[in-house]
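For reference, the structure discussed in these notes is given below.
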Amino acid sequence: MSLIQHIKNITAASIQEVYGLDLSPEAITVNQTKPEFEGNYTIVLFSLIKQLKRSPEQAGQELGTAIIKSHSDLFTGFNVIKGFLNLEIGDRYFLEFLKKSFNDPKIGQQPPTGKKVMVEYSSPNTNKPIHLGHLRNNFLGWSIAAILEANGGEVMKTCIVNDRGIHICKSMIAWKLYGNGATPESTGMKGDHFVGKYYVQCENRIREEAAGILEKVQEGNFEAINEKDKQKLVELLELRGAIVGDSDKEIEKRKKIEDDVKEIVRSNTPIMKQAQEMLVAWEQEDPEVRALWKMMNGWVYDGFEVTYKTIGSDFDKTYYESETYLPGKRFVDAGVQEDVFFKKEDGSTWIDLTDQGLDEKLVLRKDGTSVYITQDLGLAQQKFEEFPYDQSIYVIADEQNYHMKVLQLILKKTNKPYADGIFHLSYGMVELPGGRMKSREGNVVDADEMVDEMNAIAARHTSESGKVKDFEAEELNQLYQTIGLGALKFFLLRVDPKKRMIFNPEESIDFHGFTGPFIQYTHARIKSILRRESPAENQFEATPLLKLEKELLLMLEQYPVVLKQAADEYNPSVIAIYCFNVAKTYNSFYTEHSVLNAESEEKKQLRLMICQLTANVIKHSMGLLGIRVPEKM
């Protein structure tokens, strides 16, 4: 049991004793005491005043007296400041905690709970390489899985590869038109980069063709547009012409109409029509199209494997959309029979979600081809059959908030037993100082290039420090990779997932800032001390704790609570911030107090134990972020 929970239980028992009031410990708020006040932990009284029928000062004095009287072995004093009861914890508690925990490399790890959790992350498309946005997704998903496992969950890490659809058909048609038989081997390109090049080439061609068609459409020439889309365009252009004002609302409406017009024009470009025809042929299992698809996806998978190995991302099972879209279609067919879905006159299949405040949602196109939600429905069913989970976590960017809401609503309407277990871990997009990345325009930051850049920056910063002259070449190269990748992961995980963020490579590698390398350096500093002398196994006698010794031990004791908070909130940044504060507090302690030249042998053993415990907590917590910590640097 954590100290905070113990204090809550003691406070509830004291309230029962003094006031005869039966109050749940969870109704009591306990925080770490603010630095400007005396004490270690603070009981917040404001929410209790009405029930206790006392002023904050009177309640604080009465409770403080009762708590000290009944637990003099734990508390040494208290003070009351307005509505806050500040408690002083005796040294004995922290010394016992240190003796028990200093040599535990898995401190904070919880026993199995029996809860089964599936975490889906990464979810790349096979038309482009993994980019910076995917990195935040991968690091977040992997870390959440590790955190939940450390809290006792049985976790399965999964990935769904979006290996079919119009996106891959764009790469395929561009390769057929412009590739001239080139391969990754013949060009010396990594497979995913090679295929991604043709996706961008197709998009460029679509833009060129669309510009010419749009110009004609604006003049009233619709010969390149199919009949159905022609009618839509006429209606949209009439609507746009009817908007004459310049208010923000009218400007927004006009822009929305213009975007819709552009999308219709895009879908009617010659190369886009060829890609759409290829998608239909793929679903009809055309041998030539399937062979091309298999070959190009194989190139991409080879590239992905290299990237995943480099960044330390792994999965217990990988699913493929090409294998889940058919179960999804069967899911929809069953829903039609049960009147959950309905067909429109053109043959397309929909679900009506207007009773949930949404709209109608397409689940099968008129030509029978599936959409994203189709395969997601089939996959959700398949996952549950293979791993009957209590919770299924989808790590997907906040752009898909609506999609995920629709998915869960459909599962509920079809009475699936796993519907309530669906949880969307929505995260904000990663942007660069220059703005947002766009895959269509090919201005995304490639993950491989980003990792290489981080390693180069790490090499430059480390060399400038002048502390690695005794490293062998291979050892130094490994250190650069550890620091570079650690800096990248920490920077992307230190921000609350819900927030959008701007990534700055140079800022992420700062040995004195809120960064991974600062924490890595702190761990290496501790290990350099412990290489010279380890804590003795014999137990030291009680010794008065100095302020920074006690402050650091108090923080280290909180680690299991932090670990639980990170799991409850699905938020690795809780651990990142905590680990940084531990490293910062340790450095203050180290600057103030000598370890190996302590004022007494007893103090030296105490501080060696504190060093060992701090190193273990840093290594374990950074490990949950997927970050290695070096023994020396």
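Observations
- Mean Cβ count within 10 Å, highest first, over the residues of peptides 484-496, 86-98, 305-317: 484-496, 86-98, 305-317
- Calculated diffusion of region 229-341, Stokes-Einstein form, Kirkwood radius summed over Cα pairs, 10 °C and 1.306 mPa s, µm²/s: 84 µm²/s
- With Cα atoms, 0 to 90° folded angle of helix 191-218 axis to the chain main axis: 50 degrees
- Theoretical ellipticity at 222 nm over the chain - DSSP helices of four or more residues, -39500 (n - 2.57) apiece, nearest 500: -18500 deg cm²/dmol
- For the Cα trace of region 579-633, dividing Rg by the Kirkwood Rh returns an Rg/Rh value of 1.03.
- Taken over region 241-300, the convex hull of the Cα atoms encloses 124 Å³ per residue.
- Remark on region 294-338: hydrodynamic radius 13.1 angstrom, per the Kirkwood mean of 1/r across alpha carbon pairs.
- Accessible area in square angstrom per residue, the chain, 1.4 angstrom probe: 46 Å²
- Rounded to the nearest 20, the Cβ-based charge dipole of region 291-444 about its Cα centre (Lys and Arg +1, Asp and Glu -1) stands at 240 debye.
- Cα pair distances exceeding 23 angstrom across region 331-436, given as percent: 32 percent
- Dividing the C-alpha radius of gyration of region 231-272 by 2.2 N^0.38 Å, with N its residue count, gives 1.28.
- Per-residue ³J(HN,Hα) for region 378-395, Karplus 6.51 cos²θ - 1.76 cosθ + 1.60, θ = phi - 60°, Hz, x for Gly and Pro: x, 5, 4, 5, 5, 4, 5, 5, 8, 8, x, 7, 7, 8, 10, 9, 9, 8
- Potential extension, E345-V244 segment - 0.36 nm per residue separation minus Cα distance: 32.8 nm
- Farthest toward positive dipole pole in the chain [+1 Lys/Arg, -1 Asp/Glu at C-beta], among Q231, C202, I502: I502
- Rounded to 10°, Cα long-axis angle of helix 287-311 versus longest principal axis of the chain: 20 degrees
- Nearest-ten-degree value, helix 3-19 long axis tilted from longest Cα axis of the chain: 70 degrees
- The shape of region 454-602 can be summarised by an equivalent ellipsoid whose semi-axes, obtained from the alpha carbon gyration tensor, come to 29, 24, 12 Å from longest to shortest.
- Restraint check, K317/K412; K489/K604; K489/K527; K405/K619, Cα-Cα greater than 29 Å: K489/K604; K405/K619
- Note on N504 and D568: the model spin-label points, each 7 Å out from Cα along the C-beta direction, lie 3.4 nm apart.
- Taking every Cα-Cα distance in region 17-113 and sorting them into 5 Å bins from zero, the calculated P(r) comes out as 2, 12, 18, 21, 17, 12, 9, 6, 2, 0 percent.
- Cβ-derived FRET efficiency at R0 35 Å, N401 paired with E219, nearest 0.05: 0.35
- Legend: residue pairs K344/K498; K249/K499; K128/K273; K190/K469; K216/K499, Cα-Cα distance threshold 32 Å; pairs beyond threshold, K344/K498; K190/K469; K216/K499.
- Förster radius 35 Å - calculated FRET efficiency between S528 and K106 (Cβ-Cβ, nearest 0.05): 0.90
- Total formal charge among the other residues, if their Cβ is under 9 angstrom from that of Y301, Lys/Arg +1 and Asp/Glu -1: -4
- Estimated vicinal HN-Hα couplings, Hz - region 134-144 in sequence order (Karplus 6.51, -1.76, 1.60; Gly, Pro = x): 5, 5, 4, 4, 4, 5, 5, x, 4, 5, 4
- Summed side-chain charge close to A150 - residues other than A150 whose Cβ falls under 11 Å, Lys, Arg +1, Asp, Glu -1: +1
- The accessible surface of the chain, taken with every protein chain in place and a 1.4 Å probe, is 50 percent carbon and sulfur.
- In whole angstrom, the chain maps to an equivalent ellipsoid with semi-axes of 55, 32, 22, each derived as √(5λ) from the alpha carbon gyration tensor and ordered largest first.
- Only Lys, Arg (+1) and Asp, Glu (-1) charged, at Cβ; the chain dipole about Cα centre in debye: 680 debye
- Potential lengthening between Q231 and S70 on full extension [0.36 nm per residue; Cα-Cα distance subtracted]: 49.8 nm
- Database remark: amide H of Y319 closer than 5 angstrom to the amide H of C159, I160, V161 (H placed geometrically; neighbours at sequence offset of 5 or more, or on other chains; Pro and chain starts carry no H).
- Inter-probe distance in nm under a simple model that places probes 7 Å from Cα toward Cβ, at Q58 and E431: 5.5 nm
- Average 1/r across all pairs of distinct alpha carbons in region 34-184, invert it, and you get the Kirkwood radius: 21.6 Å.
- Full extension of the chain segment joining S186 with A13 gains 54.7 nm, where the gain is 0.36 nm per residue of separation less the Cα-Cα distance.
The values are calculated or read from the model by the stated rules, or taken from the named source; none is laboratory data. This is a predicted model, so every value here is computed, not measured. Glycine gets a Cβ as well: all are built from the backbone with ideal geometry, and neighbour counts include every protein chain shown. All accessible areas refer to the heavy atoms of the entire protein, side chains included, with ligands and DNA or RNA removed. Shrake-Rupley method; radii C 1.70, N 1.55, O 1.52, S 1.80 Å.
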